[in-house]
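Peer 1: Quick one: structure below, then a few questions.
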2 protein chains.
Amino acid sequence: MDRRSLEDVLSEAKSPVELLRNSQIGPYAFPGVPAEFTNWRDEQRAWRESCVLFDQSYHMTDLYIEGPDVKRLLSDLGINSFEGFKKNNAKQFVACNHDGYVIGDAILFGLEDDRVSLVGRPTAHNWVQYHAESGDYDVKVERDERYAANPEKRRRLYRYQIQGPNAAELLEKLNGGPLPQVPFFSMYEINIGDRKVRALRHGMSGQPGAEIFGPWEERDEIKGIIVEAGEEYGLRQVGSRTYATNTLESGWIPSPCPAIYTGEEMKPYRQWLPANGYEAMASLGGSFYSERIEDYYFTPYELGYGRFVKFDHDFVGREALEEMADAPQRRKVTLVWEGEDVAGVFGSLFEREGLPAKYIDLPLSNYATLPYDRVEKDGRVVGVSTYTGYSYNERAMLSLAVVEEEFCEPGTEVVLLWGEEPNSSKPTVEEHRQVEIRARVQPAPLVEFARTAYRSS
Amino acid sequence: MDRRSLEDVLSEAKSPVELLRNSQIGPYAFPGVPAEFTNWRDEQRAWRESCVLFDQSYHMTDLYIEGPDVKRLLSDLGINSFEGFKKNNAKQFVACNHDGYVIGDAILFGLEDDRVSLVGRPTAHNWVQYHAESGDYDVKVERDERYAANPEKRRRLYRYQIQGPNAAELLEKLNGGPLPQVPFFSMYEINIGDRKVRALRHGMSGQPGAEIFGPWEERDEIKGIIVEAGEEYGLRQVGSRTYATNTLESGWIPSPCPAIYTGEEMKPYRQWLPANGYEAMASLGGSFYSERIEDYYFTPYELGYGRFVKFDHDFVGREALEEMADAPQRRKVTLVWEGEDVAGVFGSLFEREGLPAKYIDLPLSNYATLPYDRVEKDGRVVGVSTYTGYSYNERAMLSLAVVEEEFCEPGTEVVLLWGEEPNSSKPTVEEHRQVEIRARVQPAPLVEFARTAYRSS
């Protein structure tokens, strides 16, 4: 077993950027679920037009934290306010480093008043666990690793989302009556078959819906009931090829580079992090290149988390964020890629001479765990594009980007560079040439309904 | 358990064509192997430029036949000659119906003088097994089902191919010395680690190589040795997404519609075939449409098996084939699709109005078990195109087609219709519009090397 730390690995690498750009790990994995149930166009269409079942039981890490100091721990690390946070509340938890750059975000479930779970990519989890173990907190933590890092290939919980315009009706049918009226991102109980199941009122695809969870052993039973009941509502199960593309419509950036590779203050954390964890293994890819890993970090404002920042408590990074709060900020936008240019990338597959453009896999087009592409205006870098794929609902290639404020006006034309120069040694990277793709800036989330109704309550 | 027969299913269906066109089964499955190891462009490139490991342990059915009458059984059913066939010989076995249309083909391994196996899609197997069980033959048959139809998810044998220009050197390194000089499609023994392993001299990608097989329990050990030894030869493992595209270069048509759905003489066979087998479940898809299932059948001459037809023995279909032998025949060709038109199909994904063209999945683009597309010249159907995908080596979309002789001249321009009209109810079929794609006729196999050297010995 490799007992080295991330810090050890970094000390042997040329730089954090070189380490991550040449990581042999591919894009973030969505295991445990078939690639397609019907086909990805149909599955995407369903979350806009009828409803879908997302099986999220496999790809996220769950960290359970329990004890009298749970709230103090979270409050010391999160930008969020924990005023009044209690059982059945939920939050998008965001943690920053001392300089106010995002380490990670995760969904925080208030399971009991003194017991919570964090669910998502493991970056925030690791930071919280580090403090739980090294700080003066009376808490106990337990991890339930995502499938890709889970040798036993079993989880504690199944986790399903039911989303789309018909989701509410389907949930009522399952429940055998109206759903409890709770605020957005609050939890309640719902009947599914003979069981009481916990649910989070959620709307990942920009439509009302729920995330439900319960014991792993009940996963087939519960799914079976949902799928059968969903038939009359046009329910589609969403395959692993399609699942992550829903965020292109709903506007959440899943893949910020964790702001942990630099700084003396973060060194003890890097010494605690293992040499084979997410932070050491994640692959960095795309046309954006800087020797400074700091240029890959984001502030919470840039990721659209400004509304979560609450100075009602002390937390790591507070001082830095107070300074940033009123300064100009890059902003999160959606880029709508010019279809003609994307078709040109496919056209390059048929040129007999020279190298084709980097292949665009559809519908999810990321070829690294942390995708970073250059966004240019008049030849100058004005932002980075971070998560890319195709939306059948929008009939467009979309990416989620962070762009300088003056270029955020909807309709602004920018240029995105697609492909790496030089090509990195990632296994997902074939020899290719870099190409320019025109794109137009639009709001994130792109979907009008999501933009107005998603966060209303 | 469904005890009905294919004949029962057909009696309830509007027609064989309607049954198969609306089957809910997708394209033929390649389970058990990761989708990609590096990436599909790189994996395709490897079989042309270095070498590859194809893991064929999962997708094919094995039928073992043993006993004093093995050769008589095969000889009564196969178009091939069995003169002198013995242990360590192998053949591409082809069986026809009474009218001389192909039921199926499979690779026949002479394991012992009186014991053989048939390996492939199960159509030929089923026909042979039916006769073994119902006819007057002293043979015993045992099936080892392909993974998709195998509830235990274990096989008797692993089956690997090592192919590509470096394959011979790698095999010699593994063997610890020169390989036995045996004719093409003969079997020999090779050392791998401490084990003696049986090998077939084979060249599936149009390059010299071998197919090796041995006990299932040894699969990880043997693969590990090959992969490690292969490193210096640029060996790539080929993922399930890429594997079947090698046939587009080597020119074998994997998916003829079994000629069993019609005819009184075949009725007892249809009554023997189950309601949930390959023949009842296979999906038929594409722009070629005829109400008559007979229009989907192929003769051995059309599939390029004319050289296998030997009138040195009696066999089912002999009389019909003798009549056909000198008549004009459609011929197997490769269609090289016009890249501009293929890029246009991708371009249709970005049109805001109307329906896009049927999505072209890359690199393997079949959306049915039995893909059948119309090939036209001046608006008239002159052939069918049956297996479609992209070759990074040729930088082209290719399909294997059967075309009227007068249009087989290399370079002949034809038009292929892509997409179904009307759209069938197959889950893989999204709503789409049919489009025309220009294509040029080329030989099959397309690869010059394969065309000249593949069958030389």
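Peer 1: Any chance you could check the Cα centroid distance between the range B:1-78 and the range B:299-334 for me, in angstrom?
Peer 2: Value for the Cα centre distance between the two parts: 23 Å.
Peer 1: Hey, another quick one. Between B:Lys267 and B:Ser425, what length in nm is gained on full extension when 0.36 nm per residue of separation is reduced by their alpha carbon distance? The partial results should precede the final answer.
Peer 2: Working: separation 158, 0.36 × 158 = 56.88 nm, distance 2.77 nm.
Answer, rounded to one decimal: 54.1 nm.
Peer 1: Can you give the translational diffusion coefficient of the range B:163-239 in µm²/s, computed by Stokes-Einstein from the Kirkwood radius over Cα pairs at 37 °C and 0.692 mPa s?
Peer 2: Numbers: Rh = 12.6 Å.
Estimated diffusion coefficient is 260 µm²/s.
Peer 1: Okay, moving on. Against the empirical 2.2 N^0.38 Å scaling, what ratio does the C-alpha Rg of the range A:331-454 come to?
Peer 2: On the way: Rg = 14.5 Å, N = 124, 2.2 N^0.38 = 13.7 Å.
Expressed relative to 2.2 N^0.38 Å, the Cα Rg reads 1.05.
Peer 1: On to the next question. Through the Karplus equation 6.51 cos²θ - 1.76 cosθ + 1.60, θ set to phi - 60°, convert the phi angles of the range B:147-163 into ³J(HN,Hα) values in whole Hz; use x for Gly and Pro.
Peer 2: 3, 4, 10, 10, x, 7, 6, 9, 10, 7, 10, 7, 8, 10, 10, 10, 9
Peer 1: Further, regarding this structure: Could you run the Karplus curve 6.51 cos²θ - 1.76 cosθ + 1.60 with θ = phi - 60° over the range A:45-62 and give me ³J(HN,Hα) per residue in whole Hz, x for Gly and Pro?
Peer 2: Once rounded to whole Hz, the list reads 4, 4, 6, 8, 10, 9, 6, 9, 10, 8, 8, 9, 6, 10, 8, 10, 8, 10.
Peer 1: For peptide B:31-44, what's the mean number of Cβ atoms from other chains within 10 Å of each residue's Cβ? Write down the numbers at each step before the final one.
Peer 2: Details: counts 0, 0, 0, 0, 3, 4, 1, 7, 9, 3, 9, 5, 1, 1.
Going residue by residue through B:31-44 and averaging, the value is 3.
Peer 1: Can you list residues whose amide H is under 5 Å from B:Phe37's amide H, if they're 5+ apart or on another chain and H is modeled 1.01 Å from N?
Peer 2: Amide H neighbours of B:Phe37, under 5 Å, 5+ apart: B:Gly239.
Peer 1: ³J(HN,Hα) across the range A:67-81 via Karplus (A = 6.51, B = -1.76, C = 1.60, θ = phi - 60°), whole Hz, x for Gly/Pro?
Peer 2: x, x, 9, 3, 5, 5, 4, 5, 5, 6, 10, x, 6, 6, 7
Peer 1: For A:Gly176, which inter-copy label distances result when the label point lies 7 Å beyond Cα on the Cα-to-Cβ vector, reported in nm to one decimal and in ascending order?
Peer 2: Result, one decimal in nm: 7.0.
Peer 1: Right, next: Evaluate the Kirkwood expression for the hydrodynamic radius of the protein assembly as shown, namely the inverse of the mean inverse distance over all pairs of different C-alpha atoms, and round to one decimal in Å.
Peer 2: On the way: mean 1/r = 0.0335 Å⁻¹.
Every distinct Cα pair counted, the radius reaches 29.9 Å.
Peer 1: Classify the range B:89-246: rounded, prolate or oblate, from the alpha-carbon gyration tensor (a ≥ b ≥ c, eigenvalue square roots; a/c under 1.5 rounded; otherwise prolate if a/b is larger than b/c)?
Peer 2: Working: a/c = 1.81, a/b = 1.76, b/c = 1.03.
Note, shape of the range B:89-246 comes out prolate.
Peer 1: Ok, one more. What does the extension gain come out to for A:Asp194 and A:Ala35, with contour length at 0.36 nm per residue minus their alpha carbon separation?
Peer 2: Working: separation 159, 0.36 × 159 = 57.24 nm, distance 3.06 nm.
Working it through step by step, the gained length comes to 54.2 nm.
Peer 1: Mind ranking A:138-151, B:250-263 by how tightly packed they are, going by the mean number of other C-beta atoms within 10 angstrom, highest first? Intermediate values should be presented prior to the final figure.
Peer 2: On the way: A:138-151: 16.0, B:250-263: 22.1.
Going from most to least packed, we get B:250-263, A:138-151.
Peer 1: At 10 °C and 1.306 mPa s, grab the translational diffusion coefficient of chain B from Stokes-Einstein with a Kirkwood Rh over Cα pairs, rounded to a whole number in µm² per second.
Peer 2: Working: Rh = 22.6 Å.
Taking Rh from Cα pairs, D becomes 70 µm²/s.
Peer 1: Let me ask something else about it. With runs of 4+ DSSP H residues as the only contributors, calculate the mean residue ellipticity of chain A at 222 nm using -39,500 (n - 2.57) per run, divided by the residue total and rounded to the nearest 500. It would help to have the intermediate numbers written out before the result.
Peer 2: Numbers: 13 runs with 101 residues, N = 457.
Per the formula, -6000 deg cm²/dmol.
Peer 1: What number in nm² do you get for the range A:261-352 if you take the convex hull of its Cα atoms and divide its surface by four?
Peer 2: Result: 10.2 nm².
Peer 1: Next up: At 7 Å along Cα-to-Cβ for each site, give me the label-to-label distance between B:Glu291 and A:Ala327 in nm.
Peer 2: Result for the modelled spin labels: 7.6 nm.
Peer 1: Which of the lysines could a cross-linker bridge to B:Lys153, judged by Cα under 24 Å and excluding same-chain residues fewer than eight apart?
Peer 2: Result set, ordered by chain and number: A:Lys153, A:Lys223, B:Lys140, B:Lys223.
Peer 1: Further question on the same structure: Other chains near A:345-357: what is the mean number of their Cβ atoms within 10 Å of each residue's Cβ? Don't skip to the end; give the middle numbers.
Peer 2: Numbers: counts 2, 11, 7, 3, 13, 13, 2, 4, 1, 1, 0, 3, 0.
Across the residues of A:345-357, the mean count of other-chain Cβ atoms within 10 Å is 5.
Peer 1: Can you give me the Rg/Rh ratio for the range A:59-118, using Cα atoms for both radii and the Kirkwood formula for Rh?
Peer 2: Numbers: Rg = 11.1 Å, Rh = 11.7 Å.
Expressed as Rg/Rh, it is 0.95.
Peer 1: Taking only C-alpha pairs under 8 Å that are 6+ residues apart, what is the relative contact order of chain B in percent? Before the final figure, lay out each step's value.
Peer 2: Details: 1060 pairs, mean separation 98.6, N = 457.
Across chain B, relative contact order equals 22 percent.
Peer 1: Could you check how many percent of all C-alpha pairs in the range A:164-323 are farther apart than 20 Å? Mind dumping the intermediate values first?
Peer 2: On the way: 8470 of 12720 pairs.
Of all Cα-Cα distances in the range A:164-323, 67 percent exceed 20 Å.
Peer 1: Would you give the gap between the C-alpha center of the range A:85-135 and the C-alpha center of the range B:191-259, rounded to a whole Å?
Peer 2: Comparing the Cα centres of the range A:85-135 and the range B:191-259, I get a distance of 47 Å.
Where a number appears in this text, it was derived from the coordinates with a stated rule and is not lab data. Note that the coordinates shown come from a computational prediction; the quantities given were computed from them, not determined experimentally. In this analysis, Cβ positions are derived from the backbone assuming ideal geometry, glycine residues included, and neighbour counts consider all displayed protein chains.
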